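Below is one structure, written out as structure tokens, with a few remarks after it.
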Amino acid sequence: MSAYLLVTHGSRDSRPGLVMQELVTKLQSRGVPCVDVANLELASQPLSEQIQDFAEYVWSLGYKRVVIAPLFLLAGVHVMEDIPMQVEIAQAGLAGKVEIEVKTYLGAYSGVEDFLRRICQRFVDDNLYGQNISQQLLILLAHGSRRVDGNTAVEALATNLNGLTAYWSVTPNLESRLAKLNQEDTSVTKVVVVPYFLFAGKITDAIAASIDALKLQFPTITIYQAQPLGLNEGFADLIWDWLVDERK
């Protein structure tokens, strides 16, 4: 039997925590009896101690294996360096009592593309139904990583969705994408921005504010903003499928 520890970034904003509480409840109802949440940052304990405490607890219940499931969308420093380091510290403290497995981060799971495709189609159906599809463009707006190849997966994802990428923390940003579009492709008059973030929070609020300003800056382009992934119908199903997928 496996117990699951969902690892998120952590936030001072209460909204991600509420989504995670709801997610845990739904996973438990789906047949994952032992599942909890840990935060990489902004928690009262380091992640290593959260992992060790959870492992000790589930060991007392008879579990011999803990799956660490990183709810991250990009292969940045957190996924490639910070989480593995914290897991290694926790493993040393457990001294082999419980097997620890780190699942491949959520953004690498193939089901994310299908989930995004459904989100985009539903959004277009609700907001752009019957309008000329050749005038529409999808922009997947991710946080972005400065790590070499850290944005490769999201670039491929946007290509598969017939869209473009833009980034919050690295280039190209949304403004530069729209400026280039405004200069080079006047046929596109409607842009759907899909925030490639799991939860609403400080950054998505800032994205919404920037989009309001960009609407004034580019009056010939109608800009729509979809919701972060975790606020869409079917998010719990996506996480369930990811957790039970036998591939790491």
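Things to note:
- Filtered residue count, the range 198-236, keeping only those that are more than 24 Å from L23 (Cβ to Cβ) and part of a strand (DSSP E or B): 3
- Evaluating R30 against the criteria (1) closer than 17 Å to W242 by Cβ; (2) among the charged types (D, E, K, R); (3) buried (at least 17 other Cβ atoms within 10 Å of the Cβ) leaves one unmet condition, (3).
- Tabulated pairs, the range 6-19, first at positive phi, second part of a strand (DSSP E or B) and at pLDDT 95 or above, C-beta under 8 angstrom, 6+ apart or interchain: G10/N39
- If you filter the range 81-128 down to residues that are among the hydrophobic types (A, V, I, L, M, F, W, C) and exposed (fewer than 13 other Cβ atoms within 10 Å of the Cβ), you find that the one that is modelled with the lowest pLDDT is A95.
- In the set (1) surrounded by fewer than 17 Cβ atoms within 10 Å (Cβ to Cβ); (2) farther than 30 Å from E22 by Cβ; (3) among the basic types (K, R), the condition left unmet by K190 is number (1).
- Of all residues in the range 162-173, at least one satisfies being in contact with a helix residue (DSSP H, G or I) (Cβ under 7 Å, 6 or more places away or on another chain), of a type in the set (S, T, N, Q), free of Cβ contacts under 8 Å to residues at least 40 places away in the same chain and surrounded by 15 or more Cβ atoms within 10 Å (Cβ to Cβ).
- Any hit, the range 27-39, residues being assigned by TED's automatic domain parsing to the domain that holds Q91 and within 20 Å of A92 (Cα to Cα): yes
- Considering residues of the range 237-247 that are in contact (Cβ under 8 Å) with a residue 40 or more places away in the chain and part of a helix (DSSP H, G or I) only, the residue surrounded by the most Cβ atoms within 10 Å (Cβ to Cβ): I239
- Scanning the range 103-136 for residues that are among the hydroxyl-bearing types (S, T, Y), farther than 23 Å from V66 by Cα and free of Cβ contacts under 8 Å to residues at least 24 places away in the same chain returns a single hit, Y129.
Each row is one residue, and each column tells you yes or no for (1) under 22 Å from G230 (Cβ atoms); (2) surrounded by 18 or more Cβ atoms within 10 Å (Cβ to Cβ).
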residue: V35; (1), (2): yes, yes
residue: A38; (1), (2): yes, yes
residue: E41; (1), (2): yes, no
residue: Q45; (1), (2): no, no
residue: I51; (1), (2): no, yes
residue: E56; (1), (2): no, no
residue: L61; (1), (2): no, no
residue: K64; (1), (2): no, no
residue: L71; (1), (2): yes, yes
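The values are calculated or read from the model by the stated rules, or taken from the named source; none is laboratory data. Everything numeric in this text was worked out from a predicted model, so none of it was measured. Heads up, the Cβs are rebuilt from the backbone with ideal geometry, glycines too, and the neighbour counts pull from every protein chain shown.
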